[in-house]
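Participant: Have a look at this one before I ask anything.
The values are calculated or read from the model by the stated rules, or taken from the named source; none is laboratory data. Only a predicted model underlies this, so the values are computations on that prediction, with no experimental measurement involved. Cβ coordinates were reconstructed from backbone atoms using ideal geometry, including for glycine residues, and neighbour counts include every protein chain displayed. Heavy atoms of the whole protein, side chains included, go into the accessibility calculation; ligands, DNA and RNA do not. Shrake-Rupley method; radii C 1.70, N 1.55, O 1.52, S 1.80 Å.
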Amino acid sequence: MVTPIFIVATALGVGFAIGVLNKFGRNFTGALVLAALSFMTFISFQWFYALTFNNLSEAYVFTGGFKPPFAINLLMGQYESIATLMINLIGFLGAVYLYKSLKERGSDAQVVYLILIMALNVLVMTRDIFNLFVFSEITSVAIAGLILLEKGTRSISAGFKYIIATSVISTIFLIGIVFAYFITGTLNIDDFIGISLSTYKGGTIVVFLIMISAVLELKPFPANGWGIDIYEASEAGFSAIISAATTTASLFVLYKIMAFAGAEWNYYIALIGMITFIGSNLLGLKQDNTRRMLGYSSIGQVGLLITILGFKDILGENAPFIFFGILISHYFAKAGLFWLSGIINASNLKAWSIIRKKPILLFLMGTFIFALIGFPPFPSFFAKWTLVMDLVKTGNIVWVIGILLGSLFEAIYLFRWFGYAIKGDAEKTEEYKIEFHKIIPVWIVALSLYVLGYFIAQYNEFTSVINFIPLAFVALIFAIDFMPVLIKNTIAIIGMIFYFYTIYPQLDNLRLIFEVIFLIGGILALIAGYLHKGKRIGFYPVALLMYAGLTGILEAKTTLEFFYGWELMTAGSYFLIIRGKRSMTHALSYMLFSLAGAYAILTAFGIASVGQSTWSLSIINNIQYIPLWAYSLLIIGFLTKTASIGLHIWLPGAHAEAESDVSPMVSAILLKAGVFGIVLTLIGMGAENNQYSELVYVLGWLGAITALIGNLAAVFQEDAKRLLAYSSIGQLGYIVFGFAMMTHLGWLAAFTYTINHFMYKSILFLTIGAVVLRVKTHNMYEMGGLIKKMPFAFIAVLISIIALSGVPPLSGFAGKWLLYNAVILKGWYLQGAIAFFSGIIAFLYLFKLISSIFLGQLKDNHRNVKEISIWFIIPIYILIVGLMIFAAKPELILQPLGTMISQYFPEGGLNWNGGMATTSIGYWHGTHIMIIVGIMFAILFSWLAFLSRKAQKVKQFNIVYSGERPFTPETTHVSYNIFAGYNKALGFLVLPWITDFWTLTTNIVHDISGFVRRIYSGNGQTYLTHIVLYVVVIYFVFFN
Amino acid sequence: MINTEYFTLGHISLLLGFILIIVGFWGILTQKNIVKIILAFSIADAGINILIVSLGYVIGKTAPIIDGSVVQKAGIDVSDSIVDPVPQALVLTSIVIGFGVTALMLAYAMKLFTAKKTLHINKFNDLKW
Amino acid sequence: MNREFLYIVLTIFLGVASIVLSFISIHSKKLSLAVIAVGVVSLFASILFLLMSAPDVAMTEAAIGSGLTTLIFFYVLNKIKKSDA
Amino acid sequence: MNIDFTKLFFTFLGLMIVLNWGLLMSAIMRKIGARVAGRYGIPWFQPWVDLIKNYAVRSQITHGIMFYLGPVFRLSGGVGLFLFMPILFGSNLWSNFSFQGDLILILYFQFFGMLGMALGAGEGGQPHSFIGISRGLSQFTTIEVPMTLAVISLAVQYHTLSISEIVAAQQGGIMNWTMFTNPFATAAAMLSLLGAFGHSPFDLVKAPNEIPIGPPTEYHGTFLGVLRTNAAILHVVETVLFMNLFFGGASNWFELIIKSFLIYFWSVFVGMVFPRFRIEQSVVWFLKVPLILGIIAILLL
């Protein structure tokens, strides 16, 4: 073992050596620095490995041959080893990244850099508080010096603000240290811990001074204007060092000080962190400069880490895991992002669209952003999960809300940025070149995130979480992304079939229904993908990621697995949605609603785990602590995915703008994940014997109103896919309504709707999507008469709209009939009436859909369009067969469904007598009705066909219109706003109140952000005033 | 009447140290000229140094240097007759650090002046919000 | 006792002078005057250190705090004046 | 399903009776309308003449497959309603196929014809068809709201969705009719009936005078004949539905004829008195008085 003192010695030695040897050239000195840093990294790693895996005990290093307090001692424990490893590793990678910049500035800069890393190491290891002061001064000076790596006035003023601010802080620190010595006679931290400093006379003030300066070093909001500037102004590679390495060291300093400060500080530390976390992320919303935004994000993350430090006693043995989980994700991701920002060199967020040219960079950027937000499989996901669970368990729900709120703010600006990168308008196509030494560190940190995620997942309770089979499959598809669509699509389909085959015996009936929808539906939607030529880069990995998440939800045995799958699914679907044209904003709002919903679910899971000894998903069946809130949160979380009214504004755009074969995935399939969640929640409430009648009552009204508003809004759409999207909202409203009834029939109706909606909405989205591919427009009034060109598409749409509208004899009627019976038996007459009114409204948009597209006059520019692609026809007609089977033999599906529902609602099911279903009030024989109607239809059709056998087929314009014969299709145009009268009468119901509400909310938040950030006047002196005022305020808060 | 017990060299210096720190801080927060702000930092530094030394000072004891003025007897701990050496060591470090920081600040001041031909701190607010 | 009293008087005098000088330095319009005032404050501080049995600190303060610091202040002021012209 | 040929025969016979009664009824109503307006009016046999003429027209044109399917859907809608409707109370032979589905089936089967018609009309490419259909569908949605409420009210009142059982529950005296036991539901439903028949003031959908309406001008010859046939059947079947639900049903053909005539007359009568509504006016109107009546009917349960 190399003793840790060599970390310091190496740096100092190499530093001096460079002073002597700089005549050998800067490349030589640069190599020397790299060698020194790699040796330092090696030492830390060696200690880390020995302390963690070989159960070595922590080691003290005494300098100068004396015992403390007369000499300085260093400690190398497990946490120290992790922290120094992090610092040295990022120091090494940063030196690689900064190689050219440092070389340009000369060997002095190289030495200063080395000294900075060394100083950070000492900050972590030293146990002497005055030494802490000295090295924090060295750090400040070194940072202030290295800020000047970036040329220009901005970096100078930022550096100056930084140095004066840190001087003020260190003055406070020094006063604290001196008095600490005066009253105790020692400077050693271990002694302070032993004698409990605050019991001395004046001890609390001393602790206050030391503590506040340690906190101020971490740039707490709002006394942090000086800290943000350096992120923006210094060279990107150096911002990465500040964000990753300095932060790690400063947090460690705070941790050491907290060790002797006493438990009464914990609450205030947590509070300071929370204010920083929320405040900083709030202000991040308004930033359009990348670096500055990343700076806000860094400070926000540090705030979260400070909060965790404040909660370390409460979190107990999980605290280190949570702390390092979040710290490491932040550390790698933020370093990576800052480095990327140096490579891309686009200061404005919108200018990041140039990153698209190099998809691989986009992948790296996505990795970092998802790691920061806390998506699986990154360490932060597990850390955040544990954090929320533990906080809720200890009754700190308010804090959880704060954390989730701050995370949401952070997600807003990060994903907005990511959206610009993926989909923003490429303004200028400036070339940028990727230097090898700059991209290597970025790759290393990105891969480290995945590797760490993998290892963290092995940490005690997480071991069982990850079903690696789907993820490995995703990775495989990602690896072969360079191959043509034909191969990838085939592999994807075979993989999904195989996975379905292996997984289905393990699922109960409830889950099997959803698994069929998710996987079989997914396979059918994928068939349409054969249409695509070329490579379709990026599509297959994300689509499969979504399916992996969806199946993960179903396979979940524990709440953690469920949440894991849920987040994977969200990530995958986000990428699927954002692939569409013009879908940037929609994908963002989708992501935000999904995240907010996921946070609600997470909190609810936390509440559910209170008083439980297991993570099993069944704990939601027996929530002991504030169950009503937990169930409400769960339902709200799932309703964001089913797009219930109020939470629906993401859906229309997201579905309408998605690619033709993606729309069915995100509409017919993805929404069912929310349905599954609601089913789970309602079962958890105790199904028949639930005591939450108010909650389900509200849910019922919400479902009915969603059905009404969704359908009504669909009526007034001119965009075919948007119409279908609103229609989905309405249909999901029925489903929610049905489940909310909490009766056997209600559930049966809801499941019937779920299955039906999957089938006919898949058909409709696939068909309309295929038509759109042919006619190149979404607007229905630009189409018309396509029946003659696309009879297969027409028949598909005809059948599915008959099914959707619920007209007998097709399968939609089953749902209507069940719902009617359920409503009457349940006694929800008014809600039921609303639901039926919306069912009738469906006719309006369905008529509009089919007639505007397929009937009427063919447009001149569509005279040469062909039938929709065979790759769409195949899945469409497979689904139609399914629809027909369901219509002709409903008992095939309804009977097993009934059996399954009987587990939860044993009473009030359907009685089956052959094909005749009866309830206590009604009866229905699906098969016979099908036969009767079929025979009658056939007779009448042949009768008419016989009578008008001589009818003469006429040309297109053989009509008379207001006394004129039209000769172009345009003059016959009435498919625009065809329900004008209806709009006059009822349009007020679908004025965009809800969109307005969310827009207003967004604006208010942004305005607050814009207003608050004005405290950062840019004036260094003002920042000093902030610091002083901050100290005063904390003083009064603490000493009350 | 002032309690004479506190009317000692150490206490007066202590008070002086505090006053200088406060004056220095006041200067830092009110002066607009960057050089003056740096000067105010120097004043505060001097104040802190005085503070530290006066805290370690005990009346009637000599400097912590082992020479003729300290009666050396075998087996007797010399620490009884000298003032606490640790604060003085701290001050030495602090002086050097203070000088380094001041020098760096002045270097910055020069660069700032070269960039904008002014030393008024309000002019250097191009990074904000 | 007498020496003790003398020390106290000296300390008070130095203290009052330092405070006055520091005020002068902060408020003077002339930068050079301000720099000199701070230098003198530093010098007084080193005398004070001497009184408080800290001769080595006094030497360092006189050399670095008073001497070197004043020097680099003037150096910078000169540079600024030159580049201003 | 065992095919019961006796029953099939009776069903067919019933369909013929209904068709002819429907034609006669429409003639009577037009005659009454003319007399009220001070005109002489048509002879009573005019509808048969029209029908025969239509079926006999030799030259015909078609716009495509959906042009065929439209009238077929329409007529299937009418005939289907008849098939699933019990015509006479207490008679197995005249109950058609009503035991395959209940009141909900009837309600939703109404849409079968609507939808087909809408599509068929669209195929012609005549803009007025679009206008007529879009107005018709708009109005139709709101007509159904009070009707739905009334049906729910009835289902709750009688605790069944079977039309036969609802009729059965009304037997034994006029005071047992839904009209008296549940007057609000009856009122709501009768108001929605006005819209369903599309007489004035809710006849903007057909707008017979101002513009050449889509389907009846586009469709001609046998197509129009099919549509006229359906109109006759549908009018009777709808009145029979109302008779069954609210007025005690009918145990013999005579009772059926009287009751259906009176119900039909109600809509004609209102049409004589009121001017025509614009489409948004009728939509709003149906969501006012009839809707409130329907809600009262439910709240009183």
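Participant: So which residues in the stretch A:812-851 are more than 7 Å from every other protein chain (Cβ to nearest Cβ), within 26 Å of residue A:781 (Cβ to Cβ) and either over 37 Å from the mean Cα position of the chain (by Cα) or of a type in the set (D, E, K, R) (or both)?
Facilitator: Residue satisfying the conditions is A:848 alone.
Participant: Any idea which of (1) at the interface with chain B (Cβ under 7 Å from one of its Cβ atoms); (2) open to solvent by less than 30 Å² (accessible area, probe 1.4 Å) is the one residue C:14 doesn't satisfy?
Facilitator: Residue C:14 satisfies every listed condition except (1).
Participant: Out of the residues in the stretch A:852-879 meeting the condition of being within 14 Å of chain D (Cβ to nearest Cβ) and in a helix (DSSP H, G or I), tell me which one is modelled with the lowest pLDDT.
Facilitator: A:860
Participant: List pairs: first residue in the stretch D:229-252 and charged (D, E, K, R), second residue assigned to a helix (DSSP H, G or I) and open to solvent by 10 Å² or more (accessible area, probe 1.4 Å) anywhere in the structure, Cβ distance under 7 angstrom, at least six positions apart or on different chains.
Facilitator: These pairs meet every condition: D:238/D:196.
Participant: Condition first: open to solvent by 50 Å² or more (accessible area, probe 1.4 Å) and facing chain D (nearest Cβ under 8 Å). Now tell me which residues in the stretch A:917-936 satisfy that.
Facilitator: Within the stretch A:917-936, A:920, A:931 meet the criteria.
Participant: Exactly one condition in (1) within 13 Å of chain A (Cβ to nearest Cβ); (2) touching a Leu at 6+ places or on another chain (Cβ under 6 Å); (3) surrounded by fewer than 24 Cβ atoms within 10 Å (Cβ to Cβ) is not met by residue D:163; state its number.
Facilitator: Unmet condition: (3).
Participant: Take residue A:96 and decide whether it is β-branched (Val, Ile, Thr) and more than 14 Å from chain B (Cβ to nearest Cβ).
Facilitator: yes
Participant: When only residues in the stretch A:222-232 that are in a helix (DSSP H, G or I) and not aliphatic (A, V, I, L, M) count, which is most open to solvent (accessible area, probe 1.4 Å)?
Facilitator: That would be A:232.
Participant: Considering (1) open to solvent by less than 10 Å² (accessible area, probe 1.4 Å); (2) touching an Asp or Glu at 6+ places or on another chain (Cβ under 9 Å), say which one residue C:37 fails and leave the rest.
Facilitator: Only one criterion in (1) open to solvent by less than 10 Å² (accessible area, probe 1.4 Å); (2) touching an Asp or Glu at 6+ places or on another chain (Cβ under 9 Å) is unmet by residue C:37, namely (2).
Participant: Closer than 25 Å to residue A:397 by Cα and at pLDDT 90 or above: does that describe residue A:593?
Facilitator: Yes, satisfied.
Participant: All but one of (1) away from chain A (no Cβ under 13 Å); (2) surrounded by 24 or more Cβ atoms within 10 Å (Cβ to Cβ) hold for residue D:119; which doesn't?
Facilitator: (1)
Participant: In addition: Among the numbered criteria (1) part of a loop (DSSP other than H, G, I, E, B); (2) buried (at least 21 other Cβ atoms within 10 Å of the Cβ), which one does residue D:3 miss?
Facilitator: Result: residue D:3 passes all but (2).
Rundown of residues vs (1) open to solvent by less than 10 Å² (accessible area, probe 1.4 Å); (2) of a type in the set (Ser, Thr, Tyr); (3) closer than 26 Å to residue A:474 by Cα, yes/no style:
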{"position": "A:572", "(1), (2), (3)": "yes, no, yes"}
{"position": "A:584", "(1), (2), (3)": "no, no, yes"}
{"position": "A:590", "(1), (2), (3)": "yes, yes, yes"}
{"position": "A:602", "(1), (2), (3)": "yes, no, yes"}
{"position": "A:605", "(1), (2), (3)": "yes, no, no"}
{"position": "A:619", "(1), (2), (3)": "yes, no, no"}
{"position": "A:622", "(1), (2), (3)": "no, no, no"}
{"position": "A:638", "(1), (2), (3)": "yes, no, yes"}
{"position": "A:647", "(1), (2), (3)": "no, no, no"}
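Participant: Out of all the residues in the stretch D:7-22, is one or more touching a residue at least 24 places away in the same chain (Cβ under 8 Å) and among the basic types (Lys, Arg)?
Facilitator: Yes, because at least one residue in the stretch D:7-22 is touching a residue at least 24 places away in the same chain (Cβ under 8 Å) and among the basic types (Lys, Arg).
Participant: Within the stretch A:637-676, how many residues are β-branched (Val, Ile, Thr), outside any helix (DSSP H, G or I) and under 16 Å from residue A:753 (Cβ atoms)?
Facilitator: 0
So that you can scan it fast, the table gives a plain yes or no per residue for (1) touching a residue at least 60 places away in the same chain (Cβ under 8 Å); (2) over 24 Å from residue A:137 (Cα atoms); (3) touching an Asp or Glu at 6+ places or on another chain (Cβ under 8 Å):
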residue: A:7; (1), (2), (3): yes, no, no
residue: A:24; (1), (2), (3): no, yes, no
residue: A:60; (1), (2), (3): yes, no, no
residue: A:76; (1), (2), (3): yes, no, yes
residue: A:82; (1), (2), (3): yes, no, no
residue: A:90; (1), (2), (3): yes, no, no
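Participant: Which one is surrounded by the fewest Cβ atoms within 10 Å (Cβ to Cβ) among residues in the stretch D:122-153 that are within 21 Å of residue D:292 (Cβ to Cβ) and β-branched (Val, Ile, Thr)?
Facilitator: So, considering only residues that are within 21 Å of residue D:292 (Cβ to Cβ) and β-branched (Val, Ile, Thr), the one surrounded by the fewest Cβ atoms within 10 Å (Cβ to Cβ) is D:145.
Participant: Still on this model: Quick one: in the stretch D:34-52, of everything that is part of a loop (DSSP other than H, G, I, E, B) and of a type in the set (Phe, Trp, Tyr), which residue is farthest from residue D:275 (Cα to Cα)?
Facilitator: D:45
Table: residues versus (1) of a type outside the set (Lys, Arg); (2) assigned to a helix (DSSP H, G or I); (3) away from every other protein chain (no Cβ under 14 Å).
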{"site": "A:171", "(1), (2), (3)": "yes, yes, no"}
{"site": "A:175", "(1), (2), (3)": "yes, yes, no"}
{"site": "A:179", "(1), (2), (3)": "yes, yes, no"}
{"site": "A:193", "(1), (2), (3)": "yes, yes, yes"}
{"site": "A:205", "(1), (2), (3)": "yes, yes, no"}
{"site": "A:220", "(1), (2), (3)": "yes, no, yes"}
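Participant: Please work out which one of (1) in a helix (DSSP H, G or I); (2) touching a residue at least 24 places away in the same chain (Cβ under 8 Å); (3) within 12 Å of chain D (Cβ to nearest Cβ); (4) open to solvent by 20 Å² or more (accessible area, probe 1.4 Å) is the condition residue A:809 fails and give its number.
Facilitator: Checking residue A:809 against (1) in a helix (DSSP H, G or I); (2) touching a residue at least 24 places away in the same chain (Cβ under 8 Å); (3) within 12 Å of chain D (Cβ to nearest Cβ); (4) open to solvent by 20 Å² or more (accessible area, probe 1.4 Å), the one that fails is (1).
Participant: Quick one: residue A:1011 ticks every box in (1) without any contact (Cβ under 8 Å) to a residue 40 or more places away in the chain; (2) more than 30 Å from residue A:208 (Cβ to Cβ); (3) crowded, with 19+ Cβ neighbours inside 10 Å bar one, so which box is it?
Facilitator: If we test residue A:1011 against (1) without any contact (Cβ under 8 Å) to a residue 40 or more places away in the chain; (2) more than 30 Å from residue A:208 (Cβ to Cβ); (3) crowded, with 19+ Cβ neighbours inside 10 Å, just (3) comes out false.
Participant: If you don't mind, there's one more thing I want to ask. Failed condition for residue A:902, given (1) crowded, with 16+ Cβ neighbours inside 10 Å; (2) more than 8 Å from every other protein chain (Cβ to nearest Cβ), with all others met?
Facilitator: Of (1) crowded, with 16+ Cβ neighbours inside 10 Å; (2) more than 8 Å from every other protein chain (Cβ to nearest Cβ), only one is false for residue A:902: (1).
Participant: Next question, about the same structure. Quickly run through the stretch A:1019-1038 and pick out the residues that are surrounded by fewer than 19 Cβ atoms within 10 Å (Cβ to Cβ) and within 9 Å of another protein chain (Cβ to nearest Cβ).
Facilitator: Hits for the stretch A:1019-1038 are A:1025, A:1028.
Participant: While we're on this one: In this structure, is residue D:267 in a helix (DSSP H, G or I), more than 10 Å from chain A (Cβ to nearest Cβ), among the hydroxyl-bearing types (Ser, Thr, Tyr) and within 30 Å of residue D:127 (Cα to Cα)?
Facilitator: Yes; evaluated as a whole, the condition is true for this residue.
Participant: Give, as residue ranges, the helices (runs of 4 or more DSSP H) completely inside the stretch A:283-347 that count at least 1 residues that are crowded, with 23+ Cβ neighbours inside 10 Å and among the polar types (S, T, N, Q).
Facilitator: Here the list reads A:290-310, A:319-344.
Participant: Pairs needed: first member in the stretch B:6-35, more than 9 Å from chain C (Cβ to nearest Cβ); second member anywhere, of a type outside the set (S, T, N, Q) and outside any helix (DSSP H, G or I); C-beta distance under 8 Å; at least 6 residues apart or different chains.
Facilitator: B:32/B:120; B:34/B:119; B:34/B:120
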